[in-house]
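Note sheet for the following structure.
The values are calculated or read from the model by the stated rules, or taken from the named source; none is laboratory data. The shown structure was predicted, so the numbers you read here are calculated from the model rather than taken from an experiment. In this analysis, Cβ positions are derived from the backbone assuming ideal geometry, glycine residues included, and neighbour counts consider all displayed protein chains. Note: areas computed on protein heavy atoms with side chains; ligands, DNA, RNA excluded. Shrake-Rupley method; radii C 1.70, N 1.55, O 1.52, S 1.80 Å.
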Amino acid sequence: MLHGPATIWQSCLAFLKKELPSQSLQTWIEPLSILRIDPNQVILLAPDAFFCDWVEEHYQSFLERAIFEATSWRPAFTIQPESNDVATSLPSSLASVTTDAGKVLRPVSSFALNPRYRFDNFICGESNEFAFSAAKAVAEAPGQTSFNPFVIYSGVGLGKTHLLQAIGDFCLTEGTASSVVYITAEKFISDYINSIRKREMAAFVATYRSADLLLVDDIQFFLKTEGSQREFFHTFNALFQNNKQIVLSADCAPPSLQGFEPRLISRFQSGLVTGIDTPDLETRIAIVNHKANQQGIQLQSEVAHHIAETNVGNVRELEGALTRVLALSKLTHKSITMDLVSKMLPNIRAERRKKISLPDILEVTSNHFQIAPGDIQGTTRKQEVALARHVTMYLSKRLTGLSLKMIGAGFGGRDHSTVVHACKNVEKRLGIDPEFLELISKLHSQLGVTFNNAA
Ligand code: ADP
Ligand code: MG
């Protein structure tokens, strides 16, 4: 089923689309191009050396997984800058990284666990303490505790996948289980459907039923598909009867998983069910500090506090905020001060209170670019005018609450895709041009709001 590099790259993008926030995908992945993809080597080109550095540090493991998903290859992996003269000004970032083959050579049955998800980098607080210690107990003696099945539920971004994979990692590293299968319910369903189509049911069944430890993530996806639900039920029973460990995650507590057959729900509840809540401020601060430390950065306590305070929803958002702060500091070569951080991260309450209109934005952009509002809203294709227009559309989309269609209408009846295109252009440039990032941040503050590059 393999095709040329372009097709492989398309499958990688499709895979990454599911794995990464669209902002990261647009900023860091889409600008990459392929120099070479084959079973031995993958060489990707990035616009410059900084870009390479960033992608290596943050997305290489995702890219490796994407390649593996698309091809089942584990090639050596290099990201290099398109132009070498840019690179020479940043020598430290030139090192092209090749995959350490030893590191990825886990048993095949590890189903591509993400090495980032381990117990030792999971921060405990009141909100997740119970889930964490139960997960450890399960990992130490899979199938031998009464925690079978072990079900973790929570809203998004609170650490379910992290804990599931940490269990798998622990079992493989410590040897408490040798055949570990981690799968999302979505993938289980699609594998199931494929196996029927290709008449490979026996292989499908064997893969899952031979597991010592089966980790199934996001089981709410089974809701709509009876056939795979049934197959899952059989798998579940087969493993359970053989004292194999089953760990599941869901986006809500099992009784609320409406649409599941009652016999499955009662199975889910027969072991241990535990929830993870949103972390309190103290835990969030600990998480921010820990993640910064992992990158060799020691944050001032005021800074960590501010980041934790402005991101209350979930840990994924918290990580995103920290990543942006670190990126801006790196891009602009400025140290991470309260000043830098408060410019970037929104004062959420203030942002909600304030209502901004298209004329407010036009006033600010017209002033900055020295172009009349009428021209910005008009049809001139001159480069400076087009830039002012893109920025105005981008700010309108973020700050006014108007629909794309309404924004388009405010620019001489343009269609919504023009607005989308403008916003994409701006976002793309934000990821690579520190001066532009500063400009956008400045325009935000002129409008009385703090710039938050992720929102
Ligand atoms: P979920 O599966 O519940 O949506 P994830 O496990 O994907 O959430 O977690 C989102 C991100 O937050 C991951 O990068 C994960 O490593 C991180 N994370 C969540 N909880 C914690 C924690 N307690 N300590 C450290 N990192 C965490
Ligand atoms: Mg998850």
Checklist line | Descending principal axes extents, the range 119-275, alpha-carbon based, whole Å | finding: 46, 34, 25
Notebook entry, point to check: Using a 1.4 angstrom probe with every protein chain in place, what is the largest-first accessible-area order of H234, H444, H3?
Noted result: H3, H234, H444
Item checked: Calculated FRET value between D277 and F436, using beta carbons and R₀ = 41 Å, to 0.05 -> 0.55
Next item on the list: Kindly sort C124, C52 by accessible area of their heavy atoms, largest first, with the probe set to 1.4 Å.
Entry: C124, C52
Check: Can you work out the FRET efficiency for the pair R209 and R316, with r the C-beta to C-beta distance and R0 = 56 Å, to the nearest 0.05?
Finding: 0.95
Check: Where does helix 185-197 land angle-wise versus the long Cα axis of the chain, in degrees 0 to 90, nearest 10?
Finding: 70
Check: On full extension of the chain, what length is gained from H3 through R197, given 0.36 nm per residue of separation minus the C-alpha to C-alpha distance?
Finding: 67.7 nm
Item checked: Tilt relative to the chain, helix 416-432 - C-alpha long axis, 0 to 90 degrees, to 10 -> 90
Item checked: Most to least packed among 126-132, 216-222 [average Cβ atoms within 10 Å] -> 216-222, 126-132
Next item on the list: Just the number, please: percent antiparallel of the DSSP beta bridges in the chain, rounded to the nearest 5.
Entry: 15
Item checked: Contour excess over end-to-end distance, with Cα ends at Q294 and R230 and 0.36 nm allotted per residue -> 18.8 nm
Notebook entry, point to check: For the range 281-351, which semi-axes, largest first and in whole Å, follow from the square roots of 5 times the eigenvalues of its Cα gyration tensor?
Noted result: 17, 15, 10
Checklist line | Extension reserve of the S445-L13 stretch, reckoned as 0.36 nm per residue once the Cα distance is removed | finding: 152.0 nm
Next item on the list: Please give the per residue volume of the convex hull enclosing the alpha carbon atoms of the chain, rounded to a whole number of Å³.
Entry: 170
Item checked: Rounded to the nearest 10 Å², the accessible area of E302 at probe 1.4 Å -> 110
Notebook entry, point to check: Sorted by accessible area (1.4 Å probe), largest first, how do T379, T323 line up?
Noted result: T379, T323
Check: Relative to the first principal axis of the alpha-carbon coordinates of the chain, what is the inclination of helix 281-294, with its axis defined by its Cα atoms, in degrees from 0 to 90 and to the nearest 10?
Finding: 90
Next item on the list: Search the structure for amide H atoms under 5 Å from the amide H of V42, placed 1.01 Å from N in the peptide plane, and list their residues when 5 or more places away or on another chain.
Entry: A76, F77, T78
